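The next block holds one structure in the form of structure tokens; read it before the comments.
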Amino acid sequence: MIGGDGPTLGVVGGGQLGRMLAEAAAALGVEVVVADPTPDPPAAPVARDALVGGFDDPETLGRLADRADALTIEIELVDPGVLERVAEEAGVPVHPSPDTLRMIRDKLVQKRRLREAGVPVPAFRPVEDEADLLGAIEEFGEVMVKARRGGYDGRGNVPVRSREEAAEALDAVSGPAMAEEMIEFDRELSVIAVQGDGEVATFPAGENVHEDEILRETVAPARTHDEVRERAQSVAGDVLDLMDGRGVYGVELFEVDGEVLVNEIAPRPHNSGHYTIEGAVTSQFGQHVRCVLGWPLGSTALRDPVAMSNLLGDVETARPLTRGRSAGEGDPAGSDDPRPARLTGVDRVLATPGASMHWYGKREVRPLRKMGHVTVVPTEGEGREALLGTARELTDGLTFADR
């Protein structure tokens, strides 16, 4: 039912994904309540309410469940057991299911499930100690060491190119890990896959540009052959077969000699799908709301080619992070020296035909922190290269200034 006493969606997490979920939900007559450890998180201005409490706090999640007609997540840090218990006690559905979260949040378990199902993945093996990692280097050559839990935006991923780097890499990961063969890929792809109530769909495969393990740009459709895009969407469909519960899933892939390998899965809307807000008939956020509530899916068709560029923080220079500059050059990711900031240079984005600005409302800027994004769609038949160039130029023209 829409209007009057319409449904309320409870979202664990109140970051930028929660904010954009609440924006999409409002258009559908759905109210959103979020729960987040941070007071006044990015989603607060657009959500009905924002509860303050930990992602594994039974009291906070219980209050969230009591106010919701359905529960979902925008971050994987939630404790699946706690989420499962409070949902059962409140008698509300939760999507994706806690079992899916248990599988996805451990990268080793995730990769094993994919391999067992015949989904193509890079070679990998568990790593308990330095001897295990040295064995992986002997078997695979260069490897990527990944924390099994908690890593995102480059955190928890450490490239190892020689035996001498093994001990330092394990110290950096600090906890249960896995080693994956380093893939010499042609390009990185992603597919936003959608699982509704008896319906499945995929958005066209996008192409991602990463630096320092952090997504910088996405262009859709991906600049590759039709057969590769179709293969990527087919593999993403195979991934959905393993997922229990409705929702949007971000499936990251590598393209290697015309084949695709699954890199990682996110059980929620994904940064690489932000282009769908302006670029697709139905955004990934609108789809997620529909899925969780068991409503019919919208169209996943693109309106036109589209490019998206992330706005990342770099407080040392009071500017967005410049392309080609590594996180280690004075701006280590995860710096504990955040500064309040305001964004300048927005007028140029707003004056550019086809450009849209998304600001996440975060009060502090940190190195490599995602502060917003710019999307560009064609107004005079521009192709993907031109759109991506405009998105880059506009993002580079945005600056942070201390308040």
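Laboratory data are not the source of any read-out in this text; all were calculated from the coordinates shown. Keep in mind that what you see is a predicted model, and the values were worked out from it rather than measured. Cβ sites come from the backbone with ideal geometry, for glycine too, and all protein chains shown count toward neighbours.
Note on the range 339-403: Rg/Rh from Cα positions, Kirkwood definition for Rh, rounded to two decimals, is 1.01.
Under 1.5 on a/c is rounded, so check that first for the chain, then, if it is not, pick prolate when a/b is larger than b/c and oblate when it is not; a ≥ b ≥ c are the square roots of the alpha carbon gyration tensor eigenvalues. The partial results should precede the final answer.
Values: a/c = 1.26, a/b = 1.10, b/c = 1.15.
Rounded, because the longest to shortest axis ratio a/c is under 1.5.
Among M20, M182, sorting on how many other beta-carbon atoms sit within 10 Å of each Cβ, with the fewest leading, yields M182, M20.
In the neighborhood of D197, defined by Cβ-to-Cβ distances under 11 Å, what is the net charge if each Lys or Arg adds +1 and each Asp or Glu adds -1?
Net charge in that neighbourhood comes out at +1.
Working from label points 7 Å from Cα in the Cα-to-Cβ sense, the R187 to D171 distance is 4.0 nm.
Note on the range 61-100 and the range 175-253: Cα centroid distance 25 Å, given to the nearest whole angstrom.
Under 12 Å from the Cβ of T375, count the other residues' Cβ atoms, weight Lys and Arg +1, Asp and Glu -1, and hand me the total. Could the numbers behind the result be given before it?
Values: positive: R303; negative: E217, E278, D304.
With Lys, Arg at +1 and Asp, Glu at -1, the neighbours total -2.
The distance between label points at S162 and L350 comes to 5.3 nm (points 7 Å beyond Cα on the Cα→Cβ vector). Summing charges over all other residues whose Cβ lies under 12 Å from the Cβ of P37, with Lys and Arg as +1 and Asp and Glu as -1, gives -4. Projecting the Cα atoms of I192, C291, A222 onto the dipole axis of the range 184-293, where Lys and Arg carry +1 and Asp and Glu carry -1 at the beta carbon, places C291 farthest toward the positive end.
Excluding same-chain neighbours fewer than eight residues apart, the lysines reachable from K111 by a Cα-Cα span under 29 Å are K146, K370. Net charge dipole, the range 123-181: roughly 320 debye, given to the nearest 20, about the Cα centre with Cβ charges of +1 for Lys and Arg and -1 for Asp and Glu. Counting DSSP beta bridges in the chain, what percent are antiparallel, to the nearest 5? Just about 80 percent of them are antiparallel. Against the empirical curve 2.2 N^0.38 Å, the C-alpha radius of gyration of the range 184-293 lands at a ratio of 0.98. Rounded to the nearest 20, the size of the Cβ-charge dipole of the range 159-244 about its Cα centre is 180 debye, with Lys and Arg at +1 and Asp and Glu at -1.
Taking other C-beta atoms within 10 angstrom as a stand-in for reagent exposure, F400, F140 fall in the order F140, F400, fewest first. The simple Förster model, with R0 at 30 Å and r as the Cβ-Cβ distance, assigns L77 and E385 a FRET efficiency of 0.20.
Calculate, for R223 and E88, the FRET efficiency according to 1/(1 + (r/R0)^6) with r their C-beta to C-beta distance and R0 51 Å; round to the nearest 0.05. Don't skip to the end; give the middle numbers.
Details: r = 46 Å, r/R0 = 0.91.
After rounding to 0.05, the efficiency reads 0.65.
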